[in-house]
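One structure is given here, and the rest of the page talks about it.
The values are calculated or read from the model by the stated rules, or taken from the named source; none is laboratory data. Only a predicted model underlies this, so the values are computations on that prediction, with no experimental measurement involved. Cβ atoms come from the backbone with ideal geometry, glycine included; neighbour counts cover every protein chain shown.
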Amino acid sequence: MEFAESKTTLGRRLEPTSPRVGGWRDLEVGPGEPRARGLPLEGELVARLVHLSDSHICDAQSPARLEYLDRFGDMHVTSDPNLYVGTYRAHEMLSVHVLGAIVAATNSVDEGRPVDAVIVTGDATDNAQRNELTWFITTLNGGVVRPDSGTWGRWEGVGSPEGVFDPSYWYPEGSSTSELGDYPRSLYGFPTVPGLLTAATTPVRMRGLRAPWLSVYGNHDALLQGTVAPAADLRQRATGTFRPHRLPEGWDYDRVAEGFEGRGPASYPPAVDEVRPVSPDSEREILSRDQWVQLHLEDGSHHGPHRDSRGVAQTRWWREVGGVLIVGLDTVNPHGGWEGSVDDEQLEWLEELLSASKAPLVVLCSHHPPQALTNDYAPEGAATRRGTKEILELISRHSAVGLWLAGHRHRHHVERWVDTNAQYDFWVIETSSTIDWPQQGRVIDIRRERDRWWFVSDVFDHAGEASPSGEMGGEMPMDSLSGWARLLALNSWQRRRGLQRSTLLSGHIHDRNVALNWAAPR
């Protein structure tokens, strides 16, 4: 049975309007978008998957963050159209509400033929904190989430109307300490939304997913800002009482960038003596890999991460769904850098798994897409890291690998990887994040017709309002909060030009609603 077209962008799309003063754009509901590739559907539906990625659940009040770096990428600061820093988002206090809204939308495509599994390909959290992962798991399982930290009920993050005024941040409720407007409102058309911060930190009951869900390890789940291996001093800062708010004297962004790259190692800039106080919170603990796995085990379900027969935490896993082998890979380099790689132990495990499998189709799932497996950094004495070349060599020995699901780039992208000489041929489907525009998920129907397969993929929006109200009054419902998050993400002022502009994250028409045909190479 097909899911209703109205539940996906086959039935309707949200389209940005023309810019207003300051470049702000609203959203309007437009006509649906037909599938761009493929022939009429045929064959037996053997599995229905939902692919979500990069929720970046964020404790926006944490002292382990580096919001102050973000201004170096602002359009009024740099003429470089492609510089995007990404350490601050105006809507990051609403990440939980967006995830709740994408869960609600996922449940709506679960009508008719149920979803067999929801696969989340990493970066569940933004800064590897315990409270962030707890909020993520509770949102997917169902239960009450209080997206607040430090002293509950008192906003201690940037943008507080009572805090020290810094015009580089958005003040959703205005500022009582400055008559000057912040840059987002004065230069980039951002609105004032009274009551937003209070509503964002109010406890909210999540319904949870109806379908079982599986979790993949991402670089933001392991590394600070998705890049820096957490040393003892940074672990202490996360749970401590001070927040750095500027670079040390003599430092500029270029110097920071030298130690903050896709390939490790990476480091935070030194802390300064001039800091701002925050309330301590032990729930901001930076998680180890073992702790990350353990939190996934506490509800007694099977979300992929597990302990092996020796009790060792494992972030790679496999499941069979409808006779299809689903494999979750850990592509995080624990030594630092935001790009990915694997070690020899995982390659050996994957080789053994695929050699023993009789499944006619294998779906690989990882945070990093194959072209991002370039981070081969390993400190002296550590295991060698392997990348794209070694993974492709392995896949070429196993012709059943037909599909690879990934995130990381926060974009919709579909690409066929084929090399007849190496005898591999598979599709890679990347799905957008739920933190940046367009904040969408993807439903994938896997169909079989004799020795051929169809991967039918359709994109869907979260359940937030397209045009949320600016009049909050009392409690603001989650649909309104997630709607504001989507509008704020669309209008990110660093994503209005160059190769980093928001609209590029939606991909081209052939990256969204598609029907992909595949047969194993002979």
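Residues in the range 482-499 that are farther than 15 Å from residue 461 by Cβ and in contact with a Pro (Cβ under 8 Å, 6 or more places away or on another chain): how many? Talk me through it step by step, then tell me what you get.
Here is the first cut: in the range 482-499, the residues farther than 15 Å from residue 461 by Cβ are 488, 491-499.
Adding the requirement that they be in contact with a Pro (Cβ under 8 Å, 6 or more places away or on another chain) leaves 493, 497-499.
Within the range 482-499, residues that are farther than 15 Å from residue 461 by Cβ and in contact with a Pro (Cβ under 8 Å, 6 or more places away or on another chain) number 4.
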Can you tell me which residue among 366, 341 is over 23 Å from residue 455 (Cα atoms), touching a strand residue (DSSP E or B) at 6+ places or on another chain (Cβ under 7 Å) and either crowded, with 17+ Cβ neighbours inside 10 Å or among the hydroxyl-bearing types (Ser, Thr, Tyr) (or both)? 341
Being buried (at least 21 other Cβ atoms within 10 Å of the Cβ), more than 18 Å from residue 489 (Cα to Cα) and basic (Lys, Arg), is that true of even one residue in the range 81-90? no
Identify, by number, the condition in (1) in contact with a strand residue (DSSP E or B) (Cβ under 8 Å, 6 or more places away or on another chain); (2) not in a loop (DSSP other than H, G, I, E, B) that residue 113 doesn't meet. (2)
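Quick check: anything in the range 430-447 among the basic types (Lys, Arg), within 20 Å of residue 35 (Cβ to Cβ) and touching a residue at least 60 places away in the same chain (Cβ under 8 Å)? Lay out the reasoning, then the answer.
Restricting attention to the range 430-447, the residues satisfying the condition of being among the basic types (Lys, Arg) are 442, 447.
The next check asks that each one be within 20 Å of residue 35 (Cβ to Cβ); those that pass are 442, 447.
Next, from what is left, pick out any that are touching a residue at least 60 places away in the same chain (Cβ under 8 Å): 442, 447.
Yes, the range 430-447 has at least one match.
Could you tell me whether residue 430 is crowded, with 21+ Cβ neighbours inside 10 Å, modelled with pLDDT of 95 or more and of a type in the set (D, E, K, R)?
On the way: crowded, with 21+ Cβ neighbours inside 10 Å: yes; modelled with pLDDT of 95 or more: yes; of a type in the set (D, E, K, R): yes.
Yes.
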Looking only at the range 158-191, and only at residues there that are exposed (fewer than 14 other Cβ atoms within 10 Å of the Cβ) and in contact with a Pro (Cβ under 7 Å, 6 or more places away or on another chain), the one that is modelled with the lowest pLDDT: 176
Any residue at all in the range 57-68 that's under 16 Å from the mean Cα position of the chain (by Cα), of a type outside the set (A, V, I, L, M) and crowded, with 24+ Cβ neighbours inside 10 Å? yes
Sole miss for residue 62 among (1) in contact with a helix residue (DSSP H, G or I) (Cβ under 8 Å, 6 or more places away or on another chain); (2) in a loop (DSSP other than H, G, I, E, B); (3) within 30 Å of residue 498 (Cα to Cα) is condition (3)
If the Cβ limit is 7 Å and pairs must be 6+ apart or interchain, which residue in the range 363-378 that is in contact (Cβ under 8 Å) with a residue 24 or more places away in the chain pairs with which residue that is of a type in the set (Asp, Glu) and outside any helix (DSSP H, G or I)? 367/123; 368/339; 369/430; 372/339; 374/339; 375/339
If the requirement is being within 23 Å of the chain's Cα centre (by Cα) and on the phi > 0 side of the Ramachandran plot, which of these qualifies: 43, 38, 22, 86? 86
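For the range 139-161, give me the residue count where each residue is not small (Gly, Ala, Ser) and not in a loop (DSSP other than H, G, I, E, B). Even if it seems obvious, please write down each step before you answer.
Our first condition is that a residue be not small (Gly, Ala, Ser); within the range 139-161, this holds for 139-141, 144-148, 151-152, 154-156, 158, 161.
Keeping just the survivors that are not in a loop (DSSP other than H, G, I, E, B) gives 139-141, 144-145.
Number of matching residues: 5.
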Subset of the range 216-273 [over 28 Å from residue 120 (Cα atoms), part of a loop (DSSP other than H, G, I, E, B), of a type outside the set (D, E, K, R) and without any contact (Cβ under 8 Å) to a residue 12 or more places away in the chain]: 250, 259
Looking only at residues that are in contact (Cβ under 8 Å) with a residue 60 or more places away in the chain and assigned to a helix (DSSP H, G or I) in the range 283-293, which one is nearest to residue 58 (Cα to Cα)? 284
Spot the failing condition for residue 441; the list is (1) touching a Gly at 6+ places or on another chain (Cβ under 9 Å); (2) crowded, with 22+ Cβ neighbours inside 10 Å; (3) closer than 15 Å to residue 507 by Cα, and only one is missed. (1)
